[in-house]
Amino acid sequence: MKNQFDIKNKVAVITGASKGIGEAIARIFAEYGAKVVISSRKQADLDQLAAEISAETGAEVVGIAAHAGELEQLKNLIDKTVERFGGVDILVNNAATNPVYGPSLDCPESAFDKIMQVNVKAPFELSKYVHPIMKQRGGGSIINISSIAGHTPDPGLGIYSVSKASLNMLTKVLAKEWGQDGIRVNAICPGLIKTKFSQALWEDEKTLSHFTKRLPIARMGEVEEISPIALYLASDASSYTTGQMFSVDGGAII
């Protein structure tokens, strides 16, 4: 019987992949046989991680630097991936930013624009870049890394929450429009996960306890608890799944 989670020789592009959730997804994709392109801003970090994952898994892993806020760099990311591997089968829009914390009233225009550029516009444009490539290859899977903040506002993260709600709706819109092209689009909505991005929330024990004590699973999540959902959505195991939001949050939004 065929392993439904096998993604052998599939080509996967992952943004924001030099650490955290993106790195964990890159590792599990490589473990299951994909050809993996990891991207973030610093080429040296990518080269080091790509070599490490390749040595551990035997998979082809390459790093291509791109700033998620620069559309020309994103287009170059896809062009170089196609040049190297011949196409794209899986896109993980993981890169995100949140330069402000506090009341939305205090969010300057520059921060609003940056949040929307990286968290919403970049996934939209990258998805558009890969659409004709995936369509020509008979389909593909786009996975947006959203947040439970897209379901219910996080205190101090108002405009970030707005951006993730937008990403959730973008997921549904593209899923509905592109299903006929064989392209599935889904989102993963993590809760509090131990990453550098969320460090301000977990490095202080009192703050961490405030966030976790009311959860059914009363602890912070790990990146390795997100990556298996990404594998499911990238593989044939989810062949009848599109337009869905998968919350991995310890029960936070129950």
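List of remarks:
- Against the list (1) closer than 18 Å to ALA96 by Cβ; (2) assigned to a helix (DSSP H, G or I); (3) touching a strand residue (DSSP E or B) at 6+ places or on another chain (Cβ under 6 Å); (4) without any contact (Cβ under 8 Å) to a residue 60 or more places away in the chain, the condition VAL162 fails is (3).
- Within region 47-76, restricting attention to residues that are touching a strand residue (DSSP E or B) at 6+ places or on another chain (Cβ under 7 Å) and of a type in the set (A, V, I, L, M, F, W, C), the residue that is farthest from ILE145 (Cα to Cα) is ALA59.
- Note on region 17-59: residues that are in contact with a helix residue (DSSP H, G or I) (Cβ under 7 Å, 6 or more places away or on another chain), assigned to a loop (DSSP other than H, G, I, E, B) and either of a type in the set (Val, Ile, Thr) or within 17 Å of VAL88 (Cα to Cα) (or both) amount to 4.
- Subset of region 132-185 that is within 17 Å of ALA95 (Cβ to Cβ) and polar (S, T, N, Q) - its residue that is nearest to the chain's Cα centre (by Cα): ASN144
- Listed conditions (1) surrounded by fewer than 20 Cβ atoms within 10 Å (Cβ to Cβ); (2) modelled with pLDDT of 95 or more; (3) over 15 Å from the mean Cα position of the chain (by Cα) are all met by GLU205, apart from (2).
- Enumeration of residues in region 71-95 that are in contact with a helix residue (DSSP H, G or I) (Cβ under 9 Å, 6 or more places away or on another chain) and surrounded by fewer than 19 Cβ atoms within 10 Å (Cβ to Cβ): LEU71, LYS75, ASP79, VAL82, GLY87
- Considering residues of region 171-193 that are part of a helix (DSSP H, G or I) and in contact with a strand residue (DSSP E or B) (Cβ under 7 Å, 6 or more places away or on another chain) only, the residue nearest to SER147 (Cα to Cα): THR171
- Taking the criterion of being under 16 Å from the mean Cα position of the chain (by Cα), without any contact (Cβ under 8 Å) to a residue 60 or more places away in the chain and closer than 17 Å to PRO132 by Cβ, the only residue of region 60-101 that qualifies is LEU74.
- Selection count, region 20-48, where residues are farther than 21 Å from VAL82 by Cα and over 16 Å from the mean Cα position of the chain (by Cα): 4
- In region 117-145, the residues that are closer than 15 Å to THR242 by Cβ and in contact with a Pro (Cβ under 9 Å, 6 or more places away or on another chain): ILE142, ASN144
The values are calculated or read from the model by the stated rules, or taken from the named source; none is laboratory data. All values derive from a computational prediction rather than experimental measurement. Cβ atoms come from the backbone with ideal geometry, glycine included; neighbour counts cover every protein chain shown.
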